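The values are calculated or read from the model by the stated rules, or taken from the named source; none is laboratory data. All values reported here derive from a predicted model rather than from experimental measurement. Positions of Cβ are backbone-derived with ideal geometry, glycine not excepted, and every protein chain shown enters the neighbour counts. When the accessible area is computed, the model is the full protein with side chains, heavy atoms only, and any ligands, DNA or RNA have been set aside. Shrake-Rupley method; radii C 1.70, N 1.55, O 1.52, S 1.80 Å.
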Amino acid sequence: MNLPERIFRRLAGGGQVSGESLARELGVSRSAVWKAIRQLRASGAGVTGVRHRGYALARPVTALASQTIEASIPDCWQPHVAALAVRWQVESTNTVLLGELPRQSQRASVLLAEIQTAGRGRQQRSWQSSLGGSLSLSIAWQFSSMPPMPGSLSLAIGIASRRALGTFGARDVMLKWPNDLQVRGAKLGGILLEMRAEAGGCAQVVIGIGINIALADAQRQALIDAGTRAADLAHDLGLIDVDRNQLAGRIIGEVICALLEFERAGFGGFATEWRGADALFGREVRVYNGDDVSVGKAMGVDDTGQLLLATADGATRALLSGDVSVRVQP
């Protein structure tokens, strides 16, 4: 465990701790403590410092702990977890698990990280995480065979994530096709799926999920400057005491449940629930697919997860997930 992680976990316990006390407890110099604090701040942790009083986190934070997360997964889904780990820093949790795909069907490998240096979203976009203020996890899964309409799996995972958030009191979460969670039009979280399949054989998928818990003001502004309206559980939904370990465990359980249901019956069992949380229904949108641009009114999804787009010529187009992204026009 490196020094920034040790200090982060110490401060996550609450209260103010002097630099001198940290140096003595951890067996390092005051200068080393100061450098580690700078690294934590650069990673998005809101570390405050008061002269003669010490350092503290600006808001209560739960440090990720694998044993606590495992214990938070509902008992019925724990047998489907083959491995679960927490790392301090990785480039991307998805990238790591793509190199460590599970060998057994219907068993999940799970990885969480406090810091992602190169988190990824769809269309090669980056996903910005905040140390202590977000949740970044990936789940690797092997289907015994390719499920029908695999492109709609991201919609099912959106439903699973929304279900998990609902158990913590997040009542206003909507779903933007095909892979975003929103609160009043602002992005609360995102999903990235990467799938590998063998001809006539098994199919493997890595599911990346990012949720904003409590963004620092500077990070929120940086996202706005980059053209992204961001929401989080603390500021936008008033959920200031969400335990990240418990939320992670619940998300993992709901995702495993959704994966088993999806393999059995495809997207059909999720379609009604999706329609009740559709952030785009009835809105004028543009859909970009490479050089092709479709303009029309979003009319929900069909039972295979395709977006139904009513165009000006009276036709209805069904658009499948993949490289398609949806941009709501002002």
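Quick notes
- Antiparallel DSSP beta bridges within the chain, percent to nearest 5: 85 percent
- Placing a pseudo-label 7 Å from each Cα along the Cα-to-Cβ vector at ALA222 and PHE168 gives an inter-label distance of 2.1 nm.
- Distribution of pairwise C-alpha distances over region 271-325, 5 Å bins, in %: 4, 21, 31, 28, 13, 3, 0
- Using only the C-alpha atoms, the convex hull of region 194-330 corresponds to 172 Å³ per residue.
- Viscosity 0.890 mPa s, 25 °C: Kirkwood-radius Stokes-Einstein D of the chain over Cα pairs, µm²/s: 118 µm²/s
- When the trypsin sites (Lys or Arg not before Pro) in region 167-216 are filtered for DSSP coil states and for at most 11 other beta-carbon atoms within 10 Å of their beta-carbon, the remaining sites are ARG171.
- Distance between the 7 Å Cα→Cβ label points at ALA83 and ILE240: 4.0 nm.
- Between ALA170, ALA65, ALA218, the GNM of the chain built on Cα springs shorter than 10 angstrom shows ALA218 fluctuating the most.
- Among ARG53, ARG317, ARG229, residue whose mean-square fluctuation peaks in a GNM of the chain (springs only between Cα atoms under 10 Å): ARG53
- Taking a straight Cα-Cα cut-off under 12 Å and skipping sequence neighbours fewer than 8 places away in the same chain, the aspartates and glutamates within cross-link reach of LYS176 are ASP278.
- Full extension of the segment from ALA12 to ALA42, taken as 0.36 nm per residue of separation minus the current Cα-Cα distance, would add 9.1 nm.
- Between VAL110, VAL206, VAL17, the Gaussian network model of the chain with springs among Cα atoms under 10 angstrom shows the greatest mean-square fluctuation at VAL17.
- Relative contact order (%) - criterion: Cα under 8 Å, at least six apart; region: region 8-106: 25 percent
- Taking 0.36 nm per residue of separation and subtracting the current Cα-Cα distance, fully stretching the chain between LEU320 and ALA23 would add 101.3 nm.
- Cβ-derived FRET efficiency at R0 45 Å, HIS52 paired with ARG264, nearest 0.05: 0.15
- Accessible area per residue, Å², the chain with all protein chains present, probe 1.4 Å: 45 Å²
- Percent carbon-and-sulfur accessible area, region 3-124, ignoring ligands, DNA and RNA, probe 1.4 Å: 45 percent
- Region 207-330 - percent of accessible surface contributed by carbon and sulfur, probe 1.4 Å: 48 percent
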